[in-house]
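Everything below concerns the one structure shown next.
The values are calculated or read from the model by the stated rules, or taken from the named source; none is laboratory data. Everything quoted here is computed from the prediction, not taken from an experiment. Cβ atoms come from the backbone with ideal geometry, glycine included; neighbour counts cover every protein chain shown.
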């Protein structure tokens, strides 16, 4: 199937859901279907947003999963349904922030770190997407949030809500974040 | 005609967030129009790169399962379900349990001492604890650059320091401080068992050596300049918020890098303010290999830079007594004097005594 943002996903969401035993949880099937439809529409975008914020794809997947679990709870409780896209990105942004804080406190000493943290190969031999992510990771978290939200097509009002900023500040901060990204990219290409 | 747009409004125009008046201005102003086009290009380029980030193939399945679960589970921080055991597995399961227990005892328990996770503060704490070995004679050579606040400015400068410390015999050490060009600036050594302390200072190109006789029962407390400053910085870094930790492979071993990114001057009135710090720690033994830090002390700027050149620890029995002596050049003026716990006072008194002696007929 093709997600709303044009990214191929492996299996139709509802097909997976139907294969599973009907749960006896508090969320009704309608609510689950609603959450799955929102995942179809925004799941890929949320993953890309989280991927720009966090170090590993696994962390980004965790954030996406947790965001939709919270959405399910929100819908089951009869929460507001206006602009759920902004709501999803706001929750994901908070989860990324929590992850970043936790990463600063704790460094897992796992065997795979030896592979992950070996000397990076020469820039020209690296995947352009990995290189792009490496440059983005040099930016401050706030710059990353703003750029990642804008890249997912959120309006300034939605960005302000998700990032906890005043709407009037978004343009200025975005302009500076983009300038810093361009400088970081130029600096890395000279490394 | 309305005024040209500032940076923020150019960005807004590129993002389709400009007001009607601003949009009209852009359409009529070649300069703003060009700036909007450039801003739009950068934004599109960024978005195009983001769109190339592929979600993993199993993301749909994973989220759908999480949403369909009886009790929907958040991310991987929640323990996943274990598959339920099959019927006939009881005997096998019992045998398996015994085998697993044996394997756990043989293979799993020994590594339990090793930490699974470490925080920046824990890495720094271990580094502090390993700064002084429990026993043996330690030889360290390092570069030290100090830019200090006025209150302790007498220590400021750039040095190479070589120090030999016997941790099995309190007060037995030799510390030599070199200038960047390799000239001995000062040195001090102490051999409490022999009641001997030697201090060397260089002034106006002349080396002066003071040989003090000391009470063997009262060795001079070793005050290591670099350790004082490095320890102070690390304590500040441990207490600071926002430090990051990463692990890198340098090709000569793994290193932990603990950093406090540059923070703007907060204008806070604290005594010690750390504005930037970076510590490189050897992942094998937690030795501090490099440390750079800057900040302010009562609004007076300071910076510390430390780089370990080499370090060895040997059993003290393998280190001969003459290695604790300071080699003197033949032209050195040697002054003999009694020593106390106050080296500065002893140096002054020894020099004055020698001056008086030389004035007498």
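Here's the yes/no breakdown for (1) outside any strand (DSSP E or B); (2) touching a strand residue (DSSP E or B) at 6+ places or on another chain (Cβ under 9 Å); (3) more than 19 Å from residue B:347 (Cβ to Cβ); (4) free of Cβ contacts under 8 Å to residues at least 40 places away in the same chain:
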site	(1), (2), (3), (4)
B:168	yes, yes, yes, no
B:177	no, yes, no, yes
B:182	yes, yes, yes, yes
B:186	no, yes, no, yes
B:193	yes, no, yes, yes
B:197	no, yes, no, no
| message | Are there strands (runs of 3 or more DSSP E) fully within the range B:285-361 with at least 3 residues that are under 17 Å from the mean Cα position of the chain (by Cα)? List them. | response | B:288-297, B:300-314
| Residue list for the range A:37-47, restricted to those being facing chain B (nearest Cβ under 10 Å) and either outside any helix (DSSP H, G or I) or surrounded by 24 or more Cβ atoms within 10 Å (Cβ to Cβ) (or both) | A:39, A:43, A:44, A:45, A:46, A:47
| From A:100, A:139, which residue is modelled with pLDDT of 70 or more and part of a loop (DSSP other than H, G, I, E, B)? | A:139
| task | Look at residue B:132 and say whether it is surrounded by fewer than 17 Cβ atoms within 10 Å (Cβ to Cβ), part of a loop (DSSP other than H, G, I, E, B) and either in contact with a strand residue (DSSP E or B) (Cβ under 6 Å, 6 or more places away or on another chain) or at pLDDT below 75 (or both). | result | yes
| request: Specify which of the listed residues (B:17, B:31, B:22) is within 7 Å of chain A (Cβ to nearest Cβ), under 30 Å from residue A:175 (Cα atoms) and either modelled with pLDDT of 90 or more or crowded, with 16+ Cβ neighbours inside 10 Å (or both). | output: B:17
| message | Please verify whether residue A:54 is more than 10 Å from chain B (Cβ to nearest Cβ) and under 14 Å from residue A:96 (Cα atoms), treating the condition exactly as stated. | response | yes
| request: Have a look at B:144, B:139, B:67 and point out the one that is modelled with pLDDT of 75 or more, in contact with a helix residue (DSSP H, G or I) (Cβ under 8 Å, 6 or more places away or on another chain) and either outside any helix (DSSP H, G or I) or away from every other protein chain (no Cβ under 14 Å) (or both). | output: B:144
| request: State which residue pairs qualify: first residue away from every other protein chain (no Cβ under 14 Å) and at negative phi and inside the range B:229-249, second residue at pLDDT 75 or above and assigned to a helix (DSSP H, G or I) in any location, beta carbons under 7 Å apart, and separation of 6 or more residues or different chains. | output: B:231/B:128; B:234/B:124; B:234/B:127; B:234/B:128
| field | In the range A:153-191, residue farthest from residue B:41 (Cα to Cα) [restricted to those that are outside any helix (DSSP H, G or I) and away from chain B (no Cβ under 11 Å)] | value | A:164
| remark: Sole miss for residue B:169 among (1) under 27 Å from residue B:304 (Cβ atoms); (2) surrounded by fewer than 20 Cβ atoms within 10 Å (Cβ to Cβ); (3) touching a helix residue (DSSP H, G or I) at 6+ places or on another chain (Cβ under 9 Å) is condition (1)
| Boolean, residue B:47 is modelled with pLDDT of 80 or more and surrounded by 13 or more Cβ atoms within 10 Å (Cβ to Cβ) | yes
| remark: Exactly one of A:155, A:125 is out of contact with any helix residue (DSSP H, G or I) (no Cβ under 7 Å at 6 or more places or on another chain) and at pLDDT 90 or above, and that one is A:155
